[in-house]
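Remarks on the structure that follows.
The values are calculated or read from the model by the stated rules, or taken from the named source; none is laboratory data. Only a predicted model underlies this, so the values are computations on that prediction, with no experimental measurement involved. Glycine also receives a Cβ, built like all others from the backbone with ideal geometry; neighbour counts cover every protein chain displayed.
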Protein chains: 6
Amino acid sequence: MTRGWSRQAEGSALIEFGNTRVLCTASFTQGVPRWLKGEGTGWVTAEYAMLPRATNTRSQRESVKGKIGGRTHEISRLIGRSLRAIIDLKALGENTIVLDCDVLEADGGTRTASVTGAYVALAEAIAWAKGQGVIPASAQPLKDSVAAVSVGIIDGVPMLDLPYVEDVRAETDMNVVVTGSGDFVEVQGTAEGAPFNRSELDSLLDLAVAGSAELAIIQRETLAGER
Amino acid sequence: MTRGWSRQAEGSALIEFGNTRVLCTASFTQGVPRWLKGEGTGWVTAEYAMLPRATNTRSQRESVKGKIGGRTHEISRLIGRSLRAIIDLKALGENTIVLDCDVLEADGGTRTASVTGAYVALAEAIAWAKGQGVIPASAQPLKDSVAAVSVGIIDGVPMLDLPYVEDVRAETDMNVVVTGSGDFVEVQGTAEGAPFNRSELDSLLDLAVAGSAELAIIQRETLAGER
Amino acid sequence: MTRGWSRQAEGSALIEFGNTRVLCTASFTQGVPRWLKGEGTGWVTAEYAMLPRATNTRSQRESVKGKIGGRTHEISRLIGRSLRAIIDLKALGENTIVLDCDVLEADGGTRTASVTGAYVALAEAIAWAKGQGVIPASAQPLKDSVAAVSVGIIDGVPMLDLPYVEDVRAETDMNVVVTGSGDFVEVQGTAEGAPFNRSELDSLLDLAVAGSAELAIIQRETLAGER
Amino acid sequence: MTRGWSRQAEGSALIEFGNTRVLCTASFTQGVPRWLKGEGTGWVTAEYAMLPRATNTRSQRESVKGKIGGRTHEISRLIGRSLRAIIDLKALGENTIVLDCDVLEADGGTRTASVTGAYVALAEAIAWAKGQGVIPASAQPLKDSVAAVSVGIIDGVPMLDLPYVEDVRAETDMNVVVTGSGDFVEVQGTAEGAPFNRSELDSLLDLAVAGSAELAIIQRETLAGER
Amino acid sequence: MTRGWSRQAEGSALIEFGNTRVLCTASFTQGVPRWLKGEGTGWVTAEYAMLPRATNTRSQRESVKGKIGGRTHEISRLIGRSLRAIIDLKALGENTIVLDCDVLEADGGTRTASVTGAYVALAEAIAWAKGQGVIPASAQPLKDSVAAVSVGIIDGVPMLDLPYVEDVRAETDMNVVVTGSGDFVEVQGTAEGAPFNRSELDSLLDLAVAGSAELAIIQRETLAGER
Amino acid sequence: MTRGWSRQAEGSALIEFGNTRVLCTASFTQGVPRWLKGEGTGWVTAEYAMLPRATNTRSQRESVKGKIGGRTHEISRLIGRSLRAIIDLKALGENTIVLDCDVLEADGGTRTASVTGAYVALAEAIAWAKGQGVIPASAQPLKDSVAAVSVGIIDGVPMLDLPYVEDVRAETDMNVVVTGSGDFVEVQGTAEGAPFNRSELDSLLDLAVAGSAELAIIQRETLAGER
């Protein structure tokens, strides 16, 4: 994880997991969308996209197609919800932070890498806002950290999704978003092949909690490093 | 649940949960999308939509906006995945079934009502296809039944989402898709307010399994009734 | 005709003609579109759509195509014009009523069924507004009732379009919108095959007036019944 | 009416009515749309549009808006239907003629001018096709001529819509499409203000038939002139 | 060049070059786009389009496709930039002029004809605004005139692009926009086949300057003539 | 310039000019677009885009807007034309190469950086194709190299556009695309403020040729380095 990769954004992180590379930027702007005006609360939202040749074969740009696919929408919403779960929007004041997660190279796990990297960019942007005096130094908009992992059942064995393991092969694929203190923000498990039973679900959740704890440490170290 | 509500479709069900009403139709066509041709396998997909005045205040039609929102995409994909989990696509032959779930009135729980009703429409369409001889009478495309429930934590208490309970009030909202034999197809839990811990998650899953079992019985009875 | 079918809308009617079923809802909102502000007059408009599997074979959703077809536009405009012809927009005050006519099942005559059902939903919504005190009880926004019929020449014989008669077979197809007092609001006749002469046109108009008078009675009875 | 105004198209006419000017071109191509292939029949269709500054104030281009409005669709369909009513599609062979009616200046009556001018362009294109040997010289695809007029009730008086009479003032506006032999192809009457009665309707139809007969003469003369 | 061809617009010119015909209209409106409000400066912009049958074979309308192609965008921007180069936007006051260049017939050179004709329409609109008193009679928004030519290398010979010379055959194609006083506004040269060297470039520029000077004379004469 | 930055694409380069960073990838696929099939010739095309936060303030994604802006189209076409000028499409065989130039950070000069970097990615992809035997080792699809520079007149002084010089301040802005052997592929000069005269144009061209020669050397060195 490289923080401050982009020199234009208020916060940014380049996150690399095996052959997956996601550039996360946080754009801080004063003011909120119209439907929130005057509520004394801020807003955090996210957009996810892939470069056309992030993948092994080129896919058409969504801007060329003229519409955004269901998968893109789904992941954008997941990232936004995950970050809002650990943000105190009131403490943010009437400010908006937009997280952009652009996948430069994709080799599995792009949605979990996006959540994990977006948190670092978000933390940077909040530090920036405090430095600029846009948010009072005493404000605590971040209630916790957040990271995401992908776990799955491959050939009957629950395992933490290593980047080179193709999601495609997984019988069950589960994305779990966990706070730094170990609580769940999102649990999204899907049986790609056979439905899964309760004990498989339990093993997957155990793995996810352990994996997220490791990511939380890396996030903390990255943010402690220099920009 | 009323089966055969539509006289035009190969399968259909009108499902009513409190003030929620969803019309599910199954359209059976011979042939498969181009990318599946010659694979000897069928295809099942779904589309979800809401009438503009299904809700308490009118919302703009997605056809008028010219694009489909993220929420609509997400639910359409969930329904499609849920049904594919209990279908043996090979046994379906090179045929396609499209499920349309149109919400006529919405009062919470529309996505879970859609999955549950769509299963009945799907089963009807398969029975129709066998009756027409399009699928051999001996084929068993349905491996199991499937139903969905919504569970949530309201004021700290995990509860089965009764239709009149506003999703909005829930601190955690979880949609669980379960097969007739009690295995999981989808687990989608989201912390709307505070993150949830493992024991809360376990209670929610217990409730979901119990609720789905009841729905499976209603589905079986509906399909046993006359069209 | 069932009034009050939807529990969410200010007015609604489910109209069934043979195998055709159209759900008409009326959404009453205070205020008018920007271009009418401050004119002291209300607005009434309509939108028509078909569920994808309303017809014998499934058609693609207009929201998926990303645009609304010419036929849909045409019928939406016809319904709106027909209702505005019998409404005193000044007496409505600065309020807007949107009629949504969604075809649940289609077997011919959906546009005339929509006009006829929309009138009932409109009348309900106006009664609701008076009941709520949004419109003064003494106001008379409804100047008349309105209904529509389809007439055609089949095998040389002018006839009132019975639902099971396929429009497709008609040599001439005419939609006529008539007020409760027997005047014309719209006359739309199209020669599908051979052009028609004046005497054929006269017979069609006679039939239309007679048919509309019967519909006006059913509308009155429906509105006299309980919600 | 100037025939052959465009040197690129197989048929064309510039029609001028007062301050209204419409350029009609006919594009003849061999082959038919996919859904007609192998039926041994041709196809005729039309598209209508207005230049942005055809009117008194500029309106936004539909290409810039990204969608075609309801009015444009409606008129395009009217022109297409009117021409197909006088064409023997079988005699046309498997060929397609697309009529484009582009309004260069608009001062009322653009839809009726379009139908009337499009007929001349169509006749030219058919003559061209016979000249080229694409259609046998003995074929008779044109069964009749066709023209359209607009009639209306202004201040209670039925009158033939002169171009400078604003449609806006009309209480009733009726577009009538009539063949050269005096039969009706389309009758589209709309009460803009008060509904109209049967005797008003009869007067309007009489006027329309007389006006169309004059247009038919002008069309014949134009086509008899040199290209 | 015919000035005042359109009776609706504040300025207009029909420009004909061989078989190319472009209708240029200038729409003058008071006020400026939102991003310019209160700056005390005006705005000039342009839109270019082709009728579907302007060319030898019909092309689909951009309004039907639902999007504007790259070529259309490019030419619209070129026209706008060219005119802004000779306009003193401050002297225009807070007014907007939109130039519409619609190609009625295309036989090469449509973009240069558009720039050249748009200047005449612009000059007419400014004269109109002075006549109306919308701009003070003493204001001088036009700093110079502007015209465009296309030059190219055909079979190794640099030549002024005569309309009947197909752009397609050119090895190098260059559009040059030149002011009435002989300075360059735009130089856009593209090697279609082999790259070109400095001496070829010099010859092309010489030709362009000479050709533009002739057009400047025709523009002056057209504007001196009666409307 | 870093070659081979992306591990997924057949060719790629990350080009950095001051604070500008563009990721160029080349996607090699067998086969050509339909309109070229059977011509025995290949195709090279390009797409340009900017990440939303590449710039100092965030701009909306074109995929979210649902359409591609004129500037994006223009630059994509420029890149494509520039590369096709130095490619022998016949020697490429029936293969397609798509260049994607995605701006990760923008600080001026993104279009010229894109052309320059895209050439490196293209050369890598061709080397890859020869290595794979898709193109015969003896084929010479690359006739030359190509690079682009931006030159401008700042405060009356023609200068090579250094990245930190804002294009905005330039009175004249010229993009010049030059081959490795010093010939011109594109010359695009625009007077942003005052028109420019012939001697200014000459100075700009001299600067451009000199600057491109330096880039050609860097390109050669980058391609000589290891992937």
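Within the bounds of the range A:68-83, is there any residue that is more than 19 Å from B:Gly69 (Cα to Cα) and out of contact with any Pro (no Cβ under 9 Å at 6 or more places or on another chain)?
Initial filter on the range A:68-83 (more than 19 Å from B:Gly69 (Cα to Cα)): A:82-83.
Okay, now just the ones that are also out of contact with any Pro (no Cβ under 9 Å at 6 or more places or on another chain), so A:82-83.
So far as the range A:68-83 goes, yes, one or more of its residues are more than 19 Å from B:Gly69 (Cα to Cα) and out of contact with any Pro (no Cβ under 9 Å at 6 or more places or on another chain).
Residues of the range B:17-35 that are touching a strand residue (DSSP E or B) at 6+ places or on another chain (Cβ under 8 Å) and either in a strand (DSSP E or B) or within 10 Å of chain C (Cβ to nearest Cβ) (or both): B:Asn19, B:Thr20, B:Arg21, B:Val22, B:Leu23, B:Cys24, B:Thr25, B:Ala26, B:Ser27, B:Phe28, B:Thr29, B:Gln30.
Looking across the range C:6-16, just one residue is hydrophobic (A, V, I, L, M, F, W, C), surrounded by 21 or more Cβ atoms within 10 Å (Cβ to Cβ) and within 11 Å of chain B (Cβ to nearest Cβ), and that is C:Ala9. Considering the range E:60-75, the residues that are part of a helix (DSSP H, G or I) and of a type in the set (Lys, Arg) include one that is nearest to the chain's Cα centre (by Cα), namely E:Arg71.
What about C:Ala91, is it touching a residue at least 12 places away in the same chain (Cβ under 8 Å) and within 20 Å of B:Arg61 (Cα to Cα)? Give the steps one after another, and end with the answer.
Working: touching a residue at least 12 places away in the same chain (Cβ under 8 Å): yes; within 20 Å of B:Arg61 (Cα to Cα): no.
Taking the combined requirement at face value, the residue does not satisfy it.
Across the range F:81-104, the number of residues qualifying as surrounded by fewer than 20 Cβ atoms within 10 Å (Cβ to Cβ) and outside any helix (DSSP H, G or I) comes to 7. Checked against (1) surrounded by fewer than 21 Cβ atoms within 10 Å (Cβ to Cβ); (2) more than 20 Å from the chain's Cα centre (by Cα), D:Thr2 meets all criteria but (2).
Per-residue answers, yes or no, for (1) surrounded by 19 or more Cβ atoms within 10 Å (Cβ to Cβ); (2) modelled with pLDDT of 95 or more; (3) among the polar types (S, T, N, Q):
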position: F:Asn19; (1), (2), (3): no, no, yes
position: F:Thr29; (1), (2), (3): no, yes, yes
position: F:Trp35; (1), (2), (3): no, no, no
position: F:Gly40; (1), (2), (3): no, no, no
position: F:Ala49; (1), (2), (3): yes, yes, no
position: F:Asn56; (1), (2), (3): no, no, yes
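Out of F:Ala49, F:Ala9, one residue alone is in a strand (DSSP E or B), under 18 Å from F:Ile97 (Cβ atoms) and not polar (S, T, N, Q). It is F:Ala49. With respect to the stated conditions, C:Thr57 is of a type in the set (Val, Ile, Thr) and without any contact (Cβ under 8 Å) to a residue 24 or more places away in the chain. Once the range D:179-193 is narrowed to residues that are in contact with a helix residue (DSSP H, G or I) (Cβ under 7 Å, 6 or more places away or on another chain) and more than 7 Å from chain C (Cβ to nearest Cβ), the residue that is nearest to C:Arg198 (Cα to Cα) is D:Gly182.
Residues in the range E:129-164 that are not small (Gly, Ala, Ser) and not in a loop (DSSP other than H, G, I, E, B): E:Lys130, E:Gln132, E:Leu142, E:Val146, E:Val149, E:Val151, E:Ile153, E:Ile154, E:Val157, E:Pro158, E:Met159, E:Leu160.
Among the listed residues C:Ile79, C:Ile154, which satisfies the condition of being under 22 Å from C:Leu205 (Cβ atoms), of a type in the set (Val, Ile, Thr) and touching a Cys at 6+ places or on another chain (Cβ under 7 Å)? Let's see the steps before the verdict.
Values: C:Ile154 fails: touching a Cys at 6+ places or on another chain (Cβ under 7 Å).
Answer to the check: C:Ile79.
Quick one: count up the residues across the range B:108-121 that are assigned to a loop (DSSP other than H, G, I, E, B) and farther than 20 Å from B:Ala208 by Cβ. Full working, then the answer.
Taking the range B:108-121 first, the residues assigned to a loop (DSSP other than H, G, I, E, B) are B:108-109.
If we keep only those that are farther than 20 Å from B:Ala208 by Cβ too, we end up with none.
Number satisfying all stated conditions: 0.
Of everything in the range D:134-176 that is at pLDDT below 95, buried (at least 18 other Cβ atoms within 10 Å of the Cβ) and among the hydroxyl-bearing types (Ser, Thr, Tyr), the residue that is nearest to the chain's Cα centre (by Cα) is D:Ser150. If you take the residues of the range C:86-101 that are touching a Pro at 6+ places or on another chain (Cβ under 8 Å) and of a type in the set (D, E, K, R), which of them is nearest to C:Val185 (Cα to Cα)? Looking at residues that are touching a Pro at 6+ places or on another chain (Cβ under 8 Å) and of a type in the set (D, E, K, R), I get C:Asp88.
Just one residue in the set A:Glu221, A:Glu124 is surrounded by fewer than 21 Cβ atoms within 10 Å (Cβ to Cβ) and part of a helix (DSSP H, G or I); that residue is A:Glu221. When the range F:89-111 is examined, which residues are found to be in contact with a Gly (Cβ under 9 Å, 6 or more places away or on another chain) and either more than 16 Å from F:Ala13 (Cα to Cα) or small (Gly, Ala, Ser) (or both)? The answer is F:Leu89, F:Lys90, F:Ala91, F:Leu92, F:Gly93, F:Glu94, F:Asn95, F:Thr96, F:Asp107, F:Gly108, F:Gly109.
Considering only residues that are hydroxyl-bearing (Ser, Thr, Tyr) and within 18 Å of E:Asn95 (Cβ to Cβ), look in the range E:36-58 and name the one that is farthest from the other protein chains (Cβ to nearest Cβ). Don't jump to the end; show me each part of the working.
In the first step, residues of the range E:36-58 are kept if they are hydroxyl-bearing (Ser, Thr, Tyr); the result is E:41, E:45, E:48, E:55, E:57.
Remaining after also requiring within 18 Å of E:Asn95 (Cβ to Cβ): E:41, E:45.
Values: E:Thr41: 14, E:Thr45: 11 Å.
Residue satisfying both the conditions and the ranking: E:Thr41.
Residues in the range F:17-46 that are touching a helix residue (DSSP H, G or I) at 6+ places or on another chain (Cβ under 8 Å) and over 16 Å from F:Val98 (Cβ atoms): F:Phe17, F:Thr20. The conditions are (1) over 19 Å from the mean Cα position of the chain (by Cα); (2) more than 14 Å from chain B (Cβ to nearest Cβ); (3) farther than 16 Å from B:Gly193 by Cα, and A:Ala91 fails exactly one of them. Which is it? All conditions are met except number (3).
Report yes if A:Leu78 is touching a Lys or Arg at 6+ places or on another chain (Cβ under 7 Å), assigned to a helix (DSSP H, G or I) and in contact (Cβ under 8 Å) with a residue 40 or more places away in the chain, otherwise no. Taking the combined requirement at face value, the residue satisfies it.
Name the residue that is surrounded by the fewest Cβ atoms within 10 Å (Cβ to Cβ), counting only residues in the range E:59-74 that are of a type in the set (Lys, Arg) and within 14 Å of chain F (Cβ to nearest Cβ). Let's see the steps before the verdict.
At the first step, the residues of the range E:59-74 found to be of a type in the set (Lys, Arg) are E:61, E:65, E:67, E:71.
Of the ones still in play, those that are also within 14 Å of chain F (Cβ to nearest Cβ) are E:65, E:67, E:71.
Details: E:Lys65: 12, E:Lys67: 16, E:Arg71: 14.
Looking at residues that are of a type in the set (Lys, Arg) and within 14 Å of chain F (Cβ to nearest Cβ), I get E:Lys65.
Can you find a residue in the range D:194-206 that is modelled with pLDDT of 90 or more, under 16 Å from the mean Cα position of the chain (by Cα) and either assigned to a strand (DSSP E or B) or within 14 Å of chain C (Cβ to nearest Cβ) (or both)? No, the range D:194-206 has no match at all.
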